[in-house]
Amino acid sequence: MSFDRSAVMNLAEKYESFYLYEESGILESIEQLRRNFEGVRFLYSAKANPHPGVIKCILSEGIGVDAASLREVMMGRENGLGKRDIYYSAPGKNLHDIDAALEECVIIADSVNEVVRIQSLAASHGIVAEIGIRINPNFTFDGDVGFANKFGIDEDTVFNCIDEWRSMKNIKIIGIHVHSRSQELDGALIAGYYAKMFELSCRFQEALGTELEFVNMGSGIGIPYAESDKPVDLAFLGGEMTRLINLYRGRLNNTQILVETGRFLVGKAGVYVTHVLDKKVSHGKTFVLLSNTLNGFARPSIAQMVESYTDAEKPANSEPMYTGRGAFGFVPLVDSEETQTVTVTGNLCTGTDVIVKDITLPELDCGDVFVITNAGSYAAVLSPMQFASLTPPVQIFLKTDGSTVIR
Ligand SMILES: *Cc1c(COP(=O)(O)O)cnc(C)c1O
């Protein structure tokens, strides 16, 4: 996805560093999912980018919320969503947050303790809470038998506890949730995972004895970061999903299939824009210093750090902090015909804010505008903006009508 170069140049006259999120890009991603998936409801994982303009745009398209906190639950409610449109799934929720969320969303219980806590809080309100169970399944994307995990309840434990849960008067289990991996580009692996999810759902429903109202398959659909990355084949994946829905129609009659996504909707619809503040030569190397890099958009600097520790072609990813080599595009907005090999850094009082070393770019001068791509998800939210008390970047949502929402 490209960015609106003239909007960037105009805004860059006013702001030294900023994120630009484009509504047109987000709508295009939503349309791609719609075109390829039938009979599936998508949930937006708000933690990827909770900018109010972004949230409003996505939710007004009929997408629900995958909330990782009470605050994210309330973002959904404040945008007019009903409690069945919001799924609150996070490990280690505190009592206050469970209590406040009880009548605002579907809470996904993440542990055996949490099921008991929800039961007791619901009892104190005299209500029956309709909840989901997050399962740590005995399968993975890679075809093995599961792993020790802080998320969810082990599949074996779930089947051991289910009778006890059924007897609890103030909870009603209406669905299950599994989220096993982010940023997968191989559609066949995701489809294989979906197939196992349908199988697990049937077994769970049978043990529960009542119909599942939803199965939340979690995320998985990745986006191409590096130039060599190939996008997920959504036509294939959507086709597999339709095939599975039809195959299981008799058994999962009234079950809503949910799929979560954060980065797919917003990751490529945002850029980070900053300026060259200074330029110098040291021991024969040319340094270009940008405003607010590690502190304003941490991921490129983190990538540089991870990659400085290893020669591996594919260092292990660690989502959402680190994805892989070449995950960000560096686009100086200059007309210069000349090129120059430079090391690009930030302006912090630490040497770790290196963005990229020894890269050949169009020749940059002080005041030039510098764009970093793939900045729509896990970008502003993951950056240590308080560091050194510098003025942080603003976040700008650009609507298709040309107006902006600035935070
Ligand atoms: C973070 C998260 C997601 C979003 O992952 P993306 O790779 O951004 O799509 C989905 N589900 C859960 C449970 C998450 O924690």
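The values are calculated or read from the model by the stated rules, or taken from the named source; none is laboratory data. In this text the structure is predicted, and so the values were computed from the model without any measurement. We place every Cβ from the backbone using ideal geometry, glycine too, and count neighbours over all the protein chains shown. To get the accessible areas, we keep the full protein, side chains included, count just its heavy atoms, and leave off ligands, DNA and RNA. Shrake-Rupley method; radii C 1.70, N 1.55, O 1.52, S 1.80 Å.
The condition of being within 16 Å of the ligand (Cβ to nearest atom) and either open to solvent by 10 Å² or more (accessible area, probe 1.4 Å) or touching a Lys or Arg at 6+ places or on another chain (Cβ under 8 Å) (or both) holds for only one of Leu81, Leu70, Leu95, that being Leu70.
Considered as a group, the residues in the range 13-43 that are of a type outside the set (Phe, Trp, Tyr) and open to solvent by less than 20 Å² (accessible area, probe 1.4 Å) include one that is nearest to Asp368 (Cα to Cα), and that residue is Ser17.
Just a yes or no: is a residue in the range 26-43 within 15 Å of the ligand (Cβ to nearest atom) and under 27 Å from Leu390 (Cα atoms)? The answer is no; no qualifying residue exists.
The set of residues from the range 136-187 being among the small types (Gly, Ala, Ser), closer than 16 Å to Asp110 by Cβ and within 14 Å of the ligand (Cβ to nearest atom) comprises Gly152, Gly175, Ser180. Within the range 175-195, residues that are under 11 Å from Phe141 (Cα atoms) have Cβ atoms under 8 Å from residues that are of a type in the set (Lys, Arg) and open to solvent by 40 Å² or more (accessible area, probe 1.4 Å) in these pairs: Tyr193/Arg181, counting only partners at least 6 apart in sequence or on another chain.
Would you mind finding the one in Arg251, Arg203, Arg243 that is away from the ligand (no atom under 16 Å from the Cβ), assigned to a loop (DSSP other than H, G, I, E, B) and surrounded by fewer than 16 Cβ atoms within 10 Å (Cβ to Cβ)? It is Arg251. When we screen Asn49, Asn10 for residues that are in contact with a Ser or Thr (Cβ under 7 Å, 6 or more places away or on another chain) and within 20 Å of Ala375 (Cβ to Cβ), the only hit is Asn49. Listed by position, the strands (runs of 3 or more DSSP E) enclosed by the range 1-87 that each have at least 1 residues that are basic (Lys, Arg) and under 24 Å from Glu240 (Cβ atoms) are 40-45. Selection of the range 207-225 for residues being part of a loop (DSSP other than H, G, I, E, B), more than 8 Å from the ligand (Cβ to nearest atom) and open to solvent by less than 10 Å² (accessible area, probe 1.4 Å) yields Leu212, Met217, Ile223.
Every condition in (1) in contact (Cβ under 8 Å) with a residue 24 or more places away in the chain; (2) in contact with a Pro (Cβ under 9 Å, 6 or more places away or on another chain); (3) over 16 Å from Val259 (Cα atoms) holds for Ala48 except the one numbered (3). Out of curiosity, is Lys357 away from the ligand (no atom under 16 Å from the Cβ), in a strand (DSSP E or B), open to solvent by 20 Å² or more (accessible area, probe 1.4 Å) and more than 24 Å from Val54 (Cβ to Cβ)? Judged against the criteria, Lys357 is a match. A single entry from Ser377, Ser318, Ser308 fulfils the requirement of being within 16 Å of the ligand (Cβ to nearest atom), of a type in the set (Ser, Thr, Tyr) and open to solvent by 30 Å² or more (accessible area, probe 1.4 Å): Ser318. Checking each residue in the range 344-376 for being of a type in the set (Gly, Ala, Ser) and in contact with a Gly (Cβ under 7 Å, 6 or more places away or on another chain) picks out Ala375, Gly376. For the range 380-407, residues that are within 16 Å of the ligand (Cβ to nearest atom) and either in contact with a helix residue (DSSP H, G or I) (Cβ under 9 Å, 6 or more places away or on another chain) or at pLDDT below 95 (or both) total 2. The single condition from (1) open to solvent by 80 Å² or more (accessible area, probe 1.4 Å); (2) touching a Lys or Arg at 6+ places or on another chain (Cβ under 8 Å) that Thr343 fails is (1).
Evaluation of Leu95 against the conditions (1) without any contact (Cβ under 8 Å) to a residue 40 or more places away in the chain; (2) closer than 23 Å to Glu260 by Cα shows that the sole unmet condition is (2). Determine, yes or no, whether Cys105 is away from the ligand (no atom under 13 Å from the Cβ), touching a residue at least 24 places away in the same chain (Cβ under 8 Å), open to solvent by less than 10 Å² (accessible area, probe 1.4 Å) and not aliphatic (A, V, I, L, M). Answer is yes for this residue.
Filtering Asn138, Asn160 for residues that are over 22 Å from Leu244 (Cβ atoms) and open to solvent by 20 Å² or more (accessible area, probe 1.4 Å) leaves a single hit, Asn160.
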